[in-house]
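Data first, discussion second: the structure below is written as structure tokens.
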Amino acid sequence: MEATTGDLTDPLINHADGQLFLHEAFKIIVEEVLCKGTDVKEKVCEWREPEELARLLDLELREKGEPQENLLQRVRDVAKYSIKTSHPRFFNQQFAGVDYHSLAGRFLSEALNTNLFTYEVAPVFVLMEAEVLRGLRELVGWTEGDGLFCPGGSTSNMYAMNLARYRLYPEVKSRGLWSLPQLTIFTSPESHYSVKKGAAFMGFGMDNVILVKVDDGGRMIPEDLDEKIELSKSQGAVPFLVSCTSGTTVQGAFDPLHHIADVCDKHKLWLHVDAAWGGSVLFSKKHRHLMKGVHRANSVAWNPHKMLVAGLQCSVLLLKDTTDLLKKCHSANATYLFQQDKFYDVNLDVGDKSVQCSRKVDCLKLWLMWKAVGSAGLEQRVDKAFLHARYVVDQMKKREGFQLLREPEFVNVCFWFIPPSLRGKEKNPDYLNRLAKVAPVIKERMMKQGTMMVGYQPLGDRVNFFRITILSPLVSQKDMDFFLDEIERLGNDL
């Protein structure tokens with residue numbers, strides 16, 4: 001190889017300039033996102049159509065780099081035109097608000113830029129993840145077990161499917177799907193769509209996801225589950241997993257875990273609880289009864305980035321298993337990472353439990369927040385969300401035009417707004433068609449004016465209705481009043 005001479009310093013990297021840019025960019029982030037972005041006097045969004053937005057952001061990537069002044073303007077533009085999800089009047093999704101201790105953890109983990117797969121490159125976080133998982137398992141009611149942080153609740157649900165299949169047919173890991181019988185999964189029609197996606201992705205097939213009837217509140221009916229399992233067996237299939245939900249996405253329903261566990265015990269099925277949304281009630285003495293029986297599950301998915309406001313993303317899969325099933329199911333024994341003759345305990349190399357190689361550090365944000373406010377502080381956060389939901393429901397009942405889908409069980413408040421032109425006309429043949437158009441128009445108006453954000457959807461034979469999810473610790477009673485006033489203001493002329 002021919003020797004080279006000259007300066008080997010990367011011409012693209014000037015540490016002094018880079019640090020100065022980072023300092024200035026950070027000031028913009030604090031001002032635009034964390035100050036203005038949480039101020040009720042500021043907009044939730046600056047809506048632009050795609051063509052205009054692309055032009056304003058100057059998205060084109062060029063051959064030569066640009067001056068720092070231009071880049072700082074791009075930072076301002078990204079902040080300005082992004083949705084302010086920490087704003088007290090952002091009610092659109094099941095993530096909202098900001099916890100500053102968690103945010104500090106997110107900044108720190110990004111700066112450290114490590115991979116949570118071996119103790120040698122992530123010693124702090126291997127130990128930290130184990131402790132956070134232990135604390136969460138304890139809330140479920142398990143003194144032992146396993147788990148890992150996953151890139152979202154959908155992935156946690158898919159892990160549960162894979163583990164349940166491997167427990168029943170461990171040969172699938174080496175021999176593949178061809179050797180398996182028809183396997184069936186049971187869930188409710190109101191469960192998260194990741195159950196069906198997971199079935200497709202992992203080769204079970206969506207047709208083998210059997211939907212169990214729910215009651216009027218959206219909760220799975222255990223008697224129908226039992227009947228459908230028996231029917232599946234009689235048709236030659238092998239039922240292997242029930243995926244129930246604690247906090248359904250739309251209505252916030254909690255499936256009756258104790259009764260479902262009885263059915264699973266009877267048929268020897270893996271019980272998975274998708275508690276991505278509702279799992280945080282386990283911190284609350286007042287509301288943890290909603291998940292009574294969760295300790296009987298085999299696995300639990302839980303997203304602290306939702307109700308606990310740990311920041312995206314922060315999702316865990318918790319397991320009752322103590323037989324190292326995660327590692328047995330997923331390990332590939334890569335010798336360039338997981339050497340067995342290391343100078344420390346190789347059980348600390350947790351990476352082979354995961355289907356990922358690169359895995360972000362998602363435990364730090366939750367650990368730092370939990371350390372800051374304690375379990376008592378997180379309990380107060382959960383209880384406060386319930387109080388806000390109760391307040392907005394009580395106020396709706398005092399106002400004309402607000403019709404609840406049902407009394408909420410959780411912090412999802414689902415309702416129709418019926419404008420004056422439709423009131424008293426429920427028997428008209430075009431009533432439902434006209435009502436279905438109300439929510440989309442109000443949503444368009446609030447987005448274009450930037451005043452707030454809330455989601456809407458149909459459900460079964462029920463036409464479009466709003467769903468406000470209340471979880472941000474920044475929300476006040478005044479924000480709840482504003483929300484109701486603004487729905488009226490935007491919709492009264494329809």
Residue-span extension gain [A372 to K427] - 0.36 nm each, minus C-alpha spacing: 14.3 nm
Full-stretch length increase - R489, A332 - with 0.36 nm per residue and alpha-carbon distance subtracted: 50.6 nm
Estimated vicinal HN-Hα couplings, Hz - region 264-280 in sequence order (Karplus 6.51, -1.76, 1.60; Gly, Pro = x): 5, 4, 4, 9, 6, 9, 6, 9, 10, 10, 7, 10, 3, 8, x, x, 5
Region 180-214: trypsin sites (Lys or Arg not before Pro) in DSSP coil with no more than 15 other Cβ atoms inside 10 Å: K213
Percent carbon-and-sulfur accessible area, region 115-360, ignoring ligands, DNA and RNA, probe 1.4 Å: 54 percent
Chain lengthening between D345 and A200 when straightened (0.36 nm per residue, less Cα-Cα): 48.4 nm
Accessible surface, per residue, of the chain when the full set of protein chains is kept, probe 1.4 Å, Å²: 49 Å²
Pair A237, L404: separation of 7 Å Cα→Cβ label points (nm): 3.6 nm
Neighbour-limited loop hits for GluC sites (Glu not before Pro), region 42-141 (at most 10 other Cβ within 10 Å; DSSP other than H, G, I, E, B): E60, E63
DSSP-assigned coil residues among trypsin sites (Lys or Arg not before Pro) in region 41-76, each with at most 16 further Cβ atoms within 10 Å: K41, R48, R62, K64
Simple Cβ-charge dipole of the chain, Lys/Arg +1 and Asp/Glu -1, about Cα centre, in debye nearest 20: 1380 debye
For a label point 7 Å along the Cα-to-beta-carbon line of V355, residues of region 173-204 with backbone N under 14 Å: 173, 177, 194-204
The chain: relative contact order as a whole-number percent, Cα under 8 Å and 6+ apart: 20 percent
Given charges at beta-carbon only (K, R positive; D, E negative), |dipole| of region 25-146 in Debye: 440 debye
Percent RCO, i.e. relative contact order, over region 356-425, from Cα pairs under 8 Å lying at least 6 residues apart: 21 percent
Centroid-to-centroid separation of region 357-395 and region 175-226 [C-alpha atoms, Å]: 30 Å
Region 373-491 - percent relative contact order, Cα under 8 Å, separation 6 or more: 29 percent
Förster-model FRET efficiency, 56 Å R0, D265 and Q395, C-beta, rounded to 0.05: 0.80
Centre separation in Å (Cα based) which lies between region 289-319 and region 444-488: 25 Å
Under 18 Å from the Cα of K173 - aspartates and glutamates, other chains or at least 8 residues apart: D324, D352
Given charges at Cβ of Lys, Arg, Asp, Glu: the chain dipole, positive-most of A164, A389, N113: A389
Scattering curve values for region 1-132, log₁₀ I(q)/I(0), Debye with Cα scatterers, q = 0.21 Å⁻¹: -1.26
Number of Lys pairs (Cα under 19 Å; 8 or more positions apart or on different chains) in region 373-491: 6
Computed FRET value (nearest 0.05) for T322 with Y100, which takes r as the C-beta separation and R₀ as 41 Å: 0.65
Structure-derived P(r) over Cα pairs in 20 Å bins from 0, in percent: which label, when the choices are (i) 20, 49, 27, 3, 0; (ii) 23, 55, 21, 1; (iii) 18, 37, 33, 11, 0: (i)
Proximal aspartates and glutamates relative to K27, as straight alpha-carbon distance under 19 Å, when same-chain residues fewer than 8 apart are discounted: D17, D39, E42, E69, D77, D99, E110
Size of charge dipole - region 115-360 - debye, nearest 20, with Cβ of Lys, Arg +1 and Asp, Glu -1, no other charges: 180 debye
Convex hull (Cα only) mean projected area of region 373-491, reported in nm² to one decimal: 8.2 nm²
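The values are calculated or read from the model by the stated rules, or taken from the named source; none is laboratory data. The structure displayed is predicted, hence computed values, not measured ones. Neighbour counts are summed over all protein chains in view; Cβ atoms, including those assigned to glycine, are modelled from backbone coordinates with ideal geometry. Each accessible area value is taken on the protein alone, full model and side chains, heavy atoms only, with ligands, DNA and RNA left out. Shrake-Rupley method; radii C 1.70, N 1.55, O 1.52, S 1.80 Å.
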